[in-house]
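Notes to accompany the following structure.
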Amino acid sequence: MLAVESLELEILRGRPRKVVRNVSFSVPRGRVTCLVGESGCGKSLTCLAILGLLPEAVRRTGGTITIDGERVNDLSPEHLQALRGGKAAMILQNPMSCFDPICTVKSHFLESLAAHGGNPGRLSPEVMPESDLARARRSLAEVGFDSPDDILDAYPFQLSGGMLQRVMVALALLSEIRLLLADEPTTDLDVVSQARILTLLDETRRRHGMGVLLVTHDIGVVARMADFVVVMHKGEVVEQGEVATLFAAPRHAYTRALLQAHLSLYGLSFGDEAVGVGTVSPEPCLAAATPGPVPEEVRLR
Amino acid sequence: MTLLRTLLSGRTTRLAFVAACAVLLVALFAPLLSSWDPDDIDLSQKLQAPSREHLLGTDHLGRDVLARLLHGARASLGSVAVIVAAILLLSLSVGSVAGYAGGMVDAFLMRLCDTFLTFPTFILAMFLIGILGAGMTNVILAIVCTHWAWYARIIRGLVLSLKTREHVLAARVAGTGQFRLVMRHILPGVLPQILVLATLDIGHMMLHVSGLSFLGLGVQPPTAEWGVMINDARQYIWTQPQLLFYPGLAIFVTVMAFNLLGDGLRDALDPVGETGGWGK
Amino acid sequence: MNLLEARQVAKRYRRGGLFGKRSEVRVLEDVSIALEEGKSLGLVGRSGSGKSTLGRLLLGLERPDEGQILYKGKDIFTSGKEHFRRFRRDVQVVFQNSLGAVNPRFRAVDIVAEPLDNFEPLSAAERRCRVAALLEGVGLSEADLDKFPSQFSGGELQRLCIARALAPRPRVIILDEAVSNLDMLIQVQVLNLLRRLRDNSGTTFLFVSHDLRLVADMCDSVAILADGHIVERTSPEKPLRDFSHPAFLELLDAVLPARPDGSGVFRNILSQERTA
């Protein structure tokens, strides 16, 4: 569904430097690929680059991006616009910032529908055409809202973070998208909302057969959602593969460090020894957190 | 300082900054820049054309126009400086107390502001001058009275929003007292925006000062001031239009310079600016 | 001995003003919670459960509408200035968002020294020395003393905030989702630091979090907060793994798995017997 090959991104501000180097990975249809790494490793920029949404200061200097067989890196603005929301959609970390605070949810739906094959004529939110209203309601019901009309009439500030994220997914589902990009969609949500949104994404993927690229820094999200994992560090892909293989036998030291940190949160470590939750002595956790020598570039400041 | 650098990076802002500095320097060093006394009446020299002695000619009373222009800068800018200082002092005190204290204090102070906001500047000026007499002091008083409340409201709003910021809470937990909280944690967040507003307002206040002086309510003759010069030149508008032109140009340049400078300051202080929040 | 206690506190916010319809939002209702000296307590709940509000009440940043906040057995709001000052010195906080919790115009040395300036004024040289030692204790260096917050990463800034909280040698530290925003590797580093502090200094910790893994690992006792009420808490007869309230189960089931193959479900890990 999505194929990224040798992507290179450069920052233009100050001394030009490459922030993403030689990044290649793919997202098969109906599967979830997780792009994982720490803040600043370039995973969000990679995600934005796919839909041509890079900020002004960043430029793509190399590589190709293919969505559903179609090369998208050099599309005209009109084509890109049709692509976004039409074939591919994106949900972001902070849902509140994606909504216009003075417009109701209904107006947001109207806008999305107008951009992608709804009835664009009337732009007044009170006079939404019946067919569009039905589509909006269907979308909202699919993401789990029992009373879509209440949601449609609400303003973004009246909804919680989790609810807004659901509305984002509903907006994405208005068209028959083939690819869903999610940039840290649950980072700002609490643990229960996170679980619900991830389940929603999983179910939606299964029902619609779309490919999902999920960007995250949380290995737990990877364990829950991923079929494939791409590990990024300082702008490069250090390891990628099927999730089971990665967890069982990580090859790169950075991946190992990430996994060990993740497992230590559960009181586990490699080799399946349950250290036990709530141990009094910190030593086992400390020792488990740093297995063997860590290469220079992975050592923390 | 990086702020200065950002400020001077735009061409218009650079020009505005230079112009504003020039006007300020003129106001400061006026006596040194002109050998003529602006109040020196010499009727034998009246309405002279520009010459080597009088670079811009003389006015209807034989006074050197250039000298009056330079000294006029002092009166105009000097009074504006006093006005801005007084407004800032008053509005910062009232605004931060209202914003920080909240409750009844806030309500009372805001009603006070509302009262002052209802007075139009010229009407109040005329009222005050009617009671207290003409003169620069009363003009300054009138302008301060009508403008401070607007600033106070804005400052109150800024203080309210900064009060709940986590670094203020953290400072409270660290034991910082209220006065230090306001001075070190809240006001430094308020000042940049207020300074921008004040800079943008300098032109507006200059026009008030000059306008009131033009009406004869402010600076009294023979003191040189741009508004007064325009008033004096009214009768010669057909014969000696340049007498009107020079002070008008001076006002125009000064107001423009400070407006553009204020714009530049606002852009320079805008934190969102370039990054737009793309990375962490 | 209960060092810091909330006794039957209630907190309500009123919506609507003088001319609008007044509606009341009850954030906390009849909440009692106590921190025993030297122990660590975990307060767990969803967003909106009121746990941050309770944290702010325990810090004396807001007054409860009902009930009392007691430090060393005395109400902090009615026992005089000296007692409140003592309370302020002994109870410190680390907030979730480190960037918002520091004044962007202060240098690191001034940020960390602020509690010292208020409670233990030192000479300039001593102050610098003390702060340098605090920074080393959290894994930063003396070279960071004069940097501004914008020059630090998120993890370093959070460690700076921890150093600030440690500066006045407090008896209690409240961590309000202090590690939620951090990257995985940094999170573990900070947790290890906190564990070391807990074990070596006898400081009392209150962990406010929505992450059961964290709390299960770091805390001696746990209380679950839901809809403004404490719905379950640990006792000698009821350890964490025997909790049964629906709010707790909801939180437990929501914990992400440790492994993709179903072998790392937290519910199972928690219910295992503690290994020696």
Checking the conditions here, which among C:ARG56, C:ARG89, C:ARG46 is touching a Pro at 6+ places or on another chain (Cβ under 6 Å) and surrounded by 16 or more Cβ atoms within 10 Å (Cβ to Cβ)?
C:ARG89
The condition from (1) of a type in the set (Val, Ile, Thr); (2) under 26 Å from C:LEU166 (Cα atoms); (3) outside any strand (DSSP E or B) that C:VAL44 misses is numbered (3)
Go through region C:22-41 residue by residue and tally those that are within 21 Å of C:PHE243 (Cα to Cα) and either within 14 Å of chain A (Cβ to nearest Cβ) or not in a strand (DSSP E or B) (or both).
3
Of the residues in region B:231-249 that are surrounded by fewer than 22 Cβ atoms within 10 Å (Cβ to Cβ) and of a type in the set (A, V, I, L, M, F, W, C), the one that is nearest to the chain's Cα centre (by Cα) is B:LEU249
Please find, among A:GLY42, A:GLY52, A:GLY86, the residue that is in contact (Cβ under 8 Å) with a residue 12 or more places away in the chain and touching a strand residue (DSSP E or B) at 6+ places or on another chain (Cβ under 7 Å).
A:GLY42
Part of a loop (DSSP other than H, G, I, E, B), more than 28 Å from C:SER180 (Cα to Cα) and at pLDDT below 85: is that true of A:GLU78 in this structure?
no
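One line per residue, one yes/no per condition, for (1) within 14 Å of chain C (Cβ to nearest Cβ); (2) surrounded by 21 or more Cβ atoms within 10 Å (Cβ to Cβ):
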residue: B:GLY99; (1), (2): no, yes
residue: B:GLY102; (1), (2): yes, no
residue: B:MET126; (1), (2): no, no
residue: B:HIS147; (1), (2): no, yes
residue: B:GLU166; (1), (2): yes, no
Restricting attention to region C:222-242, the residues that are surrounded by fewer than 21 Cβ atoms within 10 Å (Cβ to Cβ) and either touching a Gly at 6+ places or on another chain (Cβ under 6 Å) or part of a loop (DSSP other than H, G, I, E, B) (or both) number exactly 5
How about region C:156-213: which of its residues are free of Cβ contacts under 8 Å to residues at least 24 places away in the same chain and among the charged types (D, E, K, R)?
C:GLU156, C:ARG169, C:ARG195, C:ARG196, C:ASP199
Any chance A:VAL191 is in contact with an Asp or Glu (Cβ under 7 Å, 6 or more places away or on another chain), without any contact (Cβ under 8 Å) to a residue 60 or more places away in the chain and buried (at least 22 other Cβ atoms within 10 Å of the Cβ):
yes
In region C:137-152, what count of residues is obtained for those that are over 13 Å from C:ARG105 (Cα atoms) and either touching a strand residue (DSSP E or B) at 6+ places or on another chain (Cβ under 9 Å) or exposed (fewer than 14 other Cβ atoms within 10 Å of the Cβ) (or both)?
2
Exactly one of C:PHE95, C:PHE87 is more than 14 Å from chain A (Cβ to nearest Cβ) and without any contact (Cβ under 8 Å) to a residue 40 or more places away in the chain, and that one is C:PHE87
Those residues that are out of contact with any Pro (no Cβ under 8 Å at 6 or more places or on another chain), without any contact (Cβ under 8 Å) to a residue 40 or more places away in the chain and either more than 11 Å from every other protein chain (Cβ to nearest Cβ) or farther than 22 Å from C:VAL255 by Cβ (or both), I need them from region A:234-267; list them, please.
A:VAL238, A:GLY241, A:GLU242, A:THR245, A:ALA249, A:PRO250, A:ARG251, A:HIS252, A:THR255
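The values are calculated or read from the model by the stated rules, or taken from the named source; none is laboratory data. Here the structure is a predicted model, which is why all the values come from computation and not from measurement. Neighbour counts are summed over all protein chains in view; Cβ atoms, including those assigned to glycine, are modelled from backbone coordinates with ideal geometry.
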